[in-house]
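Novice: Once you've had a glance at the structure underneath, I'll fire off some questions.
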Amino acid sequence: MALDRWIALIFVTFCCVYGYAAFFTMDQLLPPFMQRNPVWPSTFPKMLAVLGVGVGMIVLLGIEKRVGGDAEPSATDINYRRLREYKVGQALALLGLMVAYALMLRPAGFLIATTVFLAGGSAILGERKFHVMIPVAVLATGFVWYLVQEVLGIFLRPFPFFMGT
């Protein structure tokens with residue numbers, strides 16, 4: 001089985017576990033007045049799980065492949081024999097940065113953690129214009145924080161815990 005199908009199998013398995021949690025475990029803790037609502041907190045996770053399984057099955061069954069395609073893999077196919085030529089280090093660095101961002105979100109605050117994440121992620125991906133990259137990260141972070149905090153009314157700790165709220 002090709003590498004893209006193995007990845008699709010892992011993705012479908014993850015979506016099935018996520019879907020099980022969304023369909024069977026999330027709704028049990030709802031208070032009775034929320035159980036009559038047409039949209040529950042688990043509605044979006046349920047849709048994501050179903051769509052994820054559908055897309056994963058399309059790749060797993062090879063439906064996206066062209067009918068009568070060439071035996072030679074195209075440039076967009078993942079070739080496990082040439083895995084060393086891909087930028088695996090960049091991908092792993094981004095995954096590590098995502099984990100660090102998730103761990104630092106509460107202690108460092110949303111504004112600092114997100115700005116560092118956006119600037120660091122663009123630096124990992126090869127951006128070298130720091131005079132553009134840092135202001136864009138600061139503006140994007142501030143804009144998202146304003147929308148979530150002020151417009152949606154969801155509290156996000158903007159600064160580190162020792163600076164107060």
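Novice: Can you tell me how many residues in segment 141-165 are modelled with pLDDT of 85 or more and either outside any helix (DSSP H, G or I) or within 16 Å of Leu97 (Cβ to Cβ) (or both)?
Specialist: Matching residues across segment 141-165 total 1.
Novice: Any residue at all in segment 23-46 that's closer than 30 Å to Ala123 by Cα and modelled with pLDDT under 80?
Specialist: Residues of segment 23-46 that are closer than 30 Å to Ala123 by Cα, as a first pass: none.
No, because not a single residue in segment 23-46 is closer than 30 Å to Ala123 by Cα and modelled with pLDDT under 80.
Novice: Which of (1) part of a helix (DSSP H, G or I); (2) modelled with pLDDT under 90 does Ser74 not meet, given it meets every other one?
Specialist: Answer for Ser74: the failing condition is (1).
Novice: Hey, any hits in segment 124-140 for a residue that's of a type outside the set (S, T, N, Q), in contact with a Ser or Thr (Cβ under 7 Å, 6 or more places away or on another chain), over 14 Å from Arg157 (Cβ atoms) and surrounded by fewer than 17 Cβ atoms within 10 Å (Cβ to Cβ)? Quick ask: steps written out before the conclusion?
Specialist: Within segment 124-140, the subset of a type outside the set (S, T, N, Q) is 124-140.
If we keep only those that are in contact with a Ser or Thr (Cβ under 7 Å, 6 or more places away or on another chain) too, we end up with 133, 137-138.
When the remaining residues are screened for being over 14 Å from Arg157 (Cβ atoms), the result is 133, 137-138.
So of that shortlist, the ones also surrounded by fewer than 17 Cβ atoms within 10 Å (Cβ to Cβ) come out as 138.
Within segment 124-140, one or more residues are of a type outside the set (S, T, N, Q), in contact with a Ser or Thr (Cβ under 7 Å, 6 or more places away or on another chain), over 14 Å from Arg157 (Cβ atoms) and surrounded by fewer than 17 Cβ atoms within 10 Å (Cβ to Cβ).
Novice: Considering only segment 81-101, state which residues are modelled with pLDDT of 90 or more and open to solvent by 70 Å² or more (accessible area, probe 1.4 Å). Walk me through how you get there before you give the answer.
Specialist: Our first condition is that a residue be modelled with pLDDT of 90 or more; within segment 81-101, this holds for 92-101.
Once the filter is applied, which keeps residues that are modelled with pLDDT of 90 or more and open to solvent by 70 Å² or more (accessible area, probe 1.4 Å), segment 81-101 yields Leu92, Leu95, Met98, Val99.
The values are calculated or read from the model by the stated rules, or taken from the named source; none is laboratory data. All figures in this text were calculated on a predicted structure; none of them were measured in a lab. Neighbour counts run over all protein chains shown; Cβ positions are idealised from the backbone, glycine included. Just the protein is used for accessible areas: all its heavy atoms, side chains included, with ligands, DNA and RNA removed. Shrake-Rupley method; radii C 1.70, N 1.55, O 1.52, S 1.80 Å.
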